[in-house]
Amino acid sequence: MGILDKFKDLRSAYDDVKSAGSDPFSVRFDKILSPTEGIVAGKKTILLGTNNYLGLTFDKQSVETAVTALRENGTGTTGSRIANGSYGWHARLERDLAAFFGRKHAMMFTTGYQANLGIIATLAGRDDHLVIDADSHACIYDACKLTPAPVTRFKHNDPDDLRTRLRRLKNKGGNVIVVTEGIFSMLGDKAPLKEIVEVTKEFGAYLIVDEAHSMGVLGKHGRGLAEECGVEDDVDFIVGTFSKSLGAIGGFCVSNIDDFDLLKVACRPYMFTASLPSSVVASVVTSLEKVKNGELLREKLMGNARRLYDGMAAAGFSVGPDASPVVAVQLPSPEMAIAFWNALLNEGLYVNLALPPATPANMCLLRSSVSAAHSHEQIDQAIALFTKIGLAFGVIEPERIASFG
Amino acid sequence: MDNAEIETVIVTELTTITNGAAGITAETNIVRDLSLDSLAVMDLVMALEDHFDISIPLDRIAETETVTQLAGVVQSLQTEVEA
């Protein structure tokens, strides 16, 4: 029996997806023209699936700082921070992140995935209990596999269900750690954070919020859902990423907790991997300033998000519960979703295809992520293309299209 | 609650989750025979947690395969609650 035979179901599913046209899991951009446009298969394509919420990937100042840092410090750090040392930029960004969130401590990771993996798995010890939202991102689930702590799930965005599950853990001893997210990546819905904070406090549990998709996006100052809900003091640990609104790569955690520095010598996904190169860190330092002063960018982003969300809903598509920069259109079957995704790409629109089991409730989704850098024309063109293909495929009906046209 | 009663509850929940699959018994292998993916199994666990008002850690079900084995886990967790 071959070593990869265990994936034979995956092989047939993957082959099915590929046989419908382009391979959605390895799209190649021949050239990236801007935060919102690229060349795919020789065709100019609108990028509507990049998580580039503030459009900072080509920010002139960030690029220049990165280039200078690259020349001064070289291409890589060639090792981990505990074994091979930190660079000035690492210390600078951790200082800036702590200041940005108004917290005492910050630590950075090489990816956002590793930030969740490391923080959750390190905080939850053998005698503790992890309670996670059922629709958590894969990296939170993977953290659960790495921790010795027992893990239970609560119903997605359901504070009453969380209360029931925390009550069952009441006399079991150990610390209880609740994990949720700011904006959920698949449907773009937000956690009811105020209520979750109340329940968490009621049971004396710790709270971790992953603001990967909400940092820079929500809150007057871009500090995410916790800022928007006015509950920052009650969130013990904020985890996030540099790969979305900050336009680079990397992850982080900030907190006010005492002895936070111990995590830097206890957290294996921090300790045993190479640190980010100075060029990347320098661009994040610069982009963080833009996020901090990014009220206008956030207004533009939310205007674009609302435009796309309302446009899709008016056309008759089934969309998520909240208008947010993640707009997911639900389709009836994987085959339909795959064909629809190919038709969009052929017409010059790139979105994300999300299929079970990576989606909540086995939904088949075409997921768009809006940027502040999108023009109204691009958003309208995206709605028009979705509508055209939706009508051709019989996903929406002409008489039900409300106002778009 | 004895093992047989717990098994009956699990079979009922499984029948719901599989949209009425027939022939589910105590010996049914939950993942292999019913082609349930990991998410469906986790949803089954949530339903059982609510039915029995217990907490079933995900790692406790990792080694269970049949309905009987899962019933055994539920029963031992119930005993822990009462203890």
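Where a number appears in this text, it was derived from the coordinates with a stated rule and is not lab data. Because the structure is predicted, anything quoted here is derived from the model rather than measured. So basically every Cβ, Gly included, is an ideal-geometry build from the backbone, and we count neighbours across all protein chains shown.
See the values below:
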quantity	calculated
Backbone HN-Hα couplings from phi across region A:156-166 [Karplus 6.51/-1.76/1.60, Hz, Gly and Pro as x]	3, 6, 10, x, 5, 5, 4, 4, 4, 6, 5
Centre separation in Å (Cα based) which lies between region A:340-405 and region B:1-52	37 Å
Chain A, relative contact order in percent, only Cα pairs under 8 angstrom and at least six apart counted	22 percent
Cross-link pairs A:LYS31/A:LYS60; A:LYS170/A:LYS264; A:LYS145/A:LYS201; A:LYS244/A:LYS290; A:LYS145/A:LYS172; A:LYS145/A:LYS194 - those with Cα-Cα distance over 23 Å	A:LYS170/A:LYS264; A:LYS145/A:LYS201; A:LYS145/A:LYS194
Using a Förster distance of 22 Å, the FRET efficiency for A:ASN362-B:VAL31 (Cβ separation, nearest 0.05)	0.85
Shielding by partners, peptide B:41-49 (average Cβ within 10 angstrom, other chains)	3
Derived scalar couplings ³J(HN,Hα) [region A:377-391; Karplus, 6.51 cos²θ - 1.76 cosθ + 1.60; whole Hz; x for Gly, Pro]	4, 5, 4, 5, 5, 4, 5, 5, 5, 4, 5, 4, 6, x, 5
Karplus (6.51, -1.76, 1.60) ³J(HN,Hα), θ = phi - 60°, over region A:45-57, in Hz, Gly and Pro reported as x	10, 6, 8, 10, x, 10, 6, 8, 4, 9, x, 8, 4
Chain A, helix-only ellipticity at 222 nm - DSSP H runs n ≥ 4, -39,500 (n - 2.57), divided by all residues, nearest 500	-12000 deg cm²/dmol
Residue of A:GLY125, A:GLY216, A:GLY38 that the Gaussian network model of chain A assigns the largest fluctuation, springs spanning Cα pairs under 10 Å	A:GLY125
Per-residue mean of C-beta atoms belonging to partner chains within 10 Å, peptide A:163-172	3
Global geometry of the protein assembly as shown, whether rounded, prolate or oblate, following the gyration tensor of its Cα atoms and the 1.5 cut on a/c	oblate
Gain in span if fully extended, A:LYS31 to A:ARG268, counting 0.36 nm per residue against the direct Cα distance	81.7 nm
Cα-projected label distance for A:PHE7 with A:LYS388, points at 7 Å along beta-carbon direction, nm	3.7 nm
Cross-link reach list, lysines versus A:LYS18, counting only Cα pairs under 18 Å and skipping chain neighbours closer than eight places	A:LYS8
